[in-house]
Amino acid sequence: MRVTVNQKNLKRALGMVEKIVSRNPSLPILNNVLIKTDNGRLRISSTNLEVGINCMIGAKIDEVGEIAIPARVSSDFINNVSDEKITLYTKNNILFINSEKYKTQILGFDPKDFPIIPKLKIEPVAVIPSKVLKNMFYAVADAIALSETRPELAGVYADFSSKKITFAATDSFRLSEVGLNAKNSGQYSVIIPRNTVMEMIRITNDIDMDVEVKIGDNQISFYNNDFELISRLIEGSYPDYKKVMPSKFLSRLLVQKGDLEKDIRLAGLFSSNISDVKLVCSKDSILLKSKNSDKGEIETTVPAVLKNDPFEVSVNYRYFLDGLKIINSDKVVLEFTGNGNPLILKPYDDKIDLTYLIMPLRS
């Protein structure tokens, strides 16, 4: 292999794939990235056997070939090279990296030992703009269960119908659901692992183009011309979370998101070991109260507009802040659905299909 590439493009590609590299002492080949010429471009790949990623960059190819090289060493080196053009060539499983300033050799491995990353050669189920996909995953990511005791909750439930895409996640303490009206081909319901979701948030943060979603036999892929990520899906059935979503509210409160977010954060400084903050909601304000025997206590008032009867509710302020940060509107709606029932957060903009539920704490 002999190719010439742009340093910034190679740096970006290595940065995209190295996060998935597995630190696996029993399978050392997984500590590597695969560099291979592919139809006039250079393909950089990595996998941990659960998730695989291919990143494509433009290159001047003088000789085709491939090599597996240690991810950390290659990425750290390329990140610190300032020369614009870099020449890569291989000989006897050694990668030679030459630029105007550097002549470098990195000991590689036989590319034949690198695991094959499967391709889903099927039509996409959906095509979603990258920024929209990122925002949808971001809206549900915090609600994914961290514990593996219930594997189906350790991922995002994704439902693709003919006219809508719905993502949902819950850890039993809070629940987040986001929807997007879209024309899709076919009906699919799958559970996407948390690590895959977090990788897609990271990747789509740096691109601005449509992403094709393909679903095959217990696998899902996200694809465009510059990258493809393929992941295993979580087996099992997602719980019917719709049963815990109240169909009506008793009281409704409208408040400026920025004011509420700031004061909830301040009240959280004085919360107890269960992170509790009490919201006392009246006609024209929310009184926030928290108390800690070791730190002190606080009361602060946020202006608000109440519909129907006053109410009080105690919530985990960290979960509450997680809900506020995903709501992309200046005002937020709080819906009280009864004592012991979930508190609902929604954007004031009804064009945004987002619902966030928090289970209340016992007073």
Next on the checklist: In whole Hz and in residue order, list the ³J(HN,Hα) couplings for region 350-355 that follow from phi through the Karplus curve 6.51 cos²θ - 1.76 cosθ + 1.60, θ = phi - 60°; x for Gly and Pro.
Outcome noted: 6, 7, 9, 8, 9, 9
Checklist entry - Rounded to the nearest whole Å³, what is the per residue volume of the convex hull around the Cα atoms of the chain? => result 170 Å³
Checklist outcome for this item: The set of residues whose placed amide H lies less than 5 Å from the amide H of Gly338, leaving out same-chain residues fewer than 5 positions away, is Leu250
Item to check | Kirkwood Rh, angstrom, region 129-274 [1 / mean 1/r, Cα pairs] | outcome: 17.0 Å
Checklist outcome for this item: For region 20-105 the mean separation of alpha carbon contacts under 8 Å (6+ apart) over residue count, i.e. relative contact order in percent, is 21 percent
Checklist entry - Short version: ³J(HN,Hα) in whole Hz for each residue of region 165-172, in order, from phi by Karplus 6.51 cos²θ - 1.76 cosθ + 1.60 (θ = phi - 60°), x for Gly and Pro, what are they? => result 10, 10, 10, 8, 8, 8, 10, 6
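Of the accessible area of the chain, with the probe set at 1.4 angstrom, what percent is carbon plus sulfur?
Numbers: 8720 of 18350 Å².
Roughly 47 percent of what the probe reaches on the chain is carbon or sulfur.
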Checklist outcome for this item: Whole-Hz Karplus couplings 3J(HN,Hα) for region 250-267, θ = phi - 60° and coefficients 6.51, -1.76, 1.60, Gly and Pro as x, run 8, 9, 9, 10, 10, 8, 5, 4, x, 5, 5, 4, 4, 6, 4, 5, 5, 4
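Enter the accessible area per residue of the chain (Å², integer; probe 1.4 Å; all protein chains in place). Mind showing how you got there, number by number?
On the way: 18350 Å² over 363 residues.
Spelled out: the 1.4 Å probe surface of the chain, per residue, equals 51 Å².
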Checklist entry - Any idea which of Val3, Leu49, Gly65 is furthest toward the positive side of the dipole for region 1-126, if Lys and Arg beta-carbons carry +1 and Asp and Glu beta-carbons -1? => result Val3
Next on the checklist: What FRET efficiency comes out for Asp208 versus Asn6 if R0 is 25 angstrom and r is the Cβ-Cβ distance? Round to the nearest 0.05.
Outcome noted: 0.85
Checklist entry - Label Ser185 and Val244 with points 7 Å out from Cα along Cα→Cβ: what is the distance between them in nm? => result 3.6 nm
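The values are calculated or read from the model by the stated rules, or taken from the named source; none is laboratory data. Keep in mind that this is a model prediction, so the values were computed, not measured. Because the Cβ atoms are built from the backbone with ideal geometry, glycine has one as well, and the counts that use them run over all protein chains shown. Keep in mind that these areas ignore ligands, DNA and RNA; they rest on the heavy atoms of the full protein, side chains included. Shrake-Rupley method; radii C 1.70, N 1.55, O 1.52, S 1.80 Å.
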